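For reference, the structure is listed below as structure tokens.
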Amino acid sequence: MKTTLISKLFIITLISLQISCSKENIEPDNTVEEEEMEEDNLPVAPDFALTDLSGNTVQLADFEDQVLVMFFLGHNCPFCKGVADDIESKLQQDFQNNESFAIIGLDTWNGNKSAVEAFQNATGVTFPLLLKASEVAGSYETTYDRLVVVNPNGKIAFKGNNASATDLPKVVELVKALLE
């Protein structure tokens, strides 16, 4: 009898906890996300000037009035190589004909030109790759295998804290929204 009563109390407690947890999940608090998306609350993207594989200087000002996706990568990072094809197909190929869109890759491992060219050849990416970007990653407070989106007003609309593969669907949706 005692065992049955204890078992029933245990089950009732579990059900109460489950109902309590379920109620918390019914109405999520989206206030933080909404506040983050307000233009005034977005941080200004730090300026940079880097060299691409063709020897041209590329700077943030080159992307004024565009949605800019920045793929921070390590030229020999297996995760970066693995996600590069998806970034190419879901961002570069899907949006390349939109004049309001741009994407660049920034090598945060400061590889030489041939190392970054090897990354490009291995992955098949067609967007510009920039050399010696570790300081830029520092100024954006990020690391390799991360995505950052700068809106047309030069503000950081998204800074990934997860691997690029994890954040890519969010970035695609944000780019679509910013291009509308």
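In this structure, SER100 qualifies as open to solvent by 20 Å² or more (accessible area, probe 1.4 Å), over 20 Å from ALA49 (Cα atoms), hydroxyl-bearing (Ser, Thr, Tyr) and modelled with pLDDT of 95 or more. Filtering THR108, THR166, THR143 for residues that are of a type in the set (Val, Ile, Thr), free of Cβ contacts under 8 Å to residues at least 40 places away in the same chain, touching a Ser or Thr at 6+ places or on another chain (Cβ under 8 Å) and open to solvent by 10 Å² or more (accessible area, probe 1.4 Å) leaves a single hit, THR108.
Here THR126 meets the list (1) in contact with a helix residue (DSSP H, G or I) (Cβ under 7 Å, 6 or more places away or on another chain); (2) assigned to a loop (DSSP other than H, G, I, E, B); (3) open to solvent by less than 80 Å² (accessible area, probe 1.4 Å) almost entirely, failing just condition (3). Put simply, of PHE71, PHE79 the only residue that is under 16 Å from the mean Cα position of the chain (by Cα), under 19 Å from ASN161 (Cα atoms) and outside any helix (DSSP H, G or I) is PHE71.
The residues in the stretch 85-97 that are under 19 Å from HIS75 (Cβ atoms) and either open to solvent by 30 Å² or more (accessible area, probe 1.4 Å) or outside any helix (DSSP H, G or I) (or both) can be counted, and the count is 2.
The values are calculated or read from the model by the stated rules, or taken from the named source; none is laboratory data. Computed from a prediction, not measured in an experiment: that's the story for all the values here. Neighbour counts are summed over all protein chains in view; Cβ atoms, including those assigned to glycine, are modelled from backbone coordinates with ideal geometry. For accessibility, only protein heavy atoms count, side chains too; no ligands or nucleic acids. Shrake-Rupley method; radii C 1.70, N 1.55, O 1.52, S 1.80 Å.
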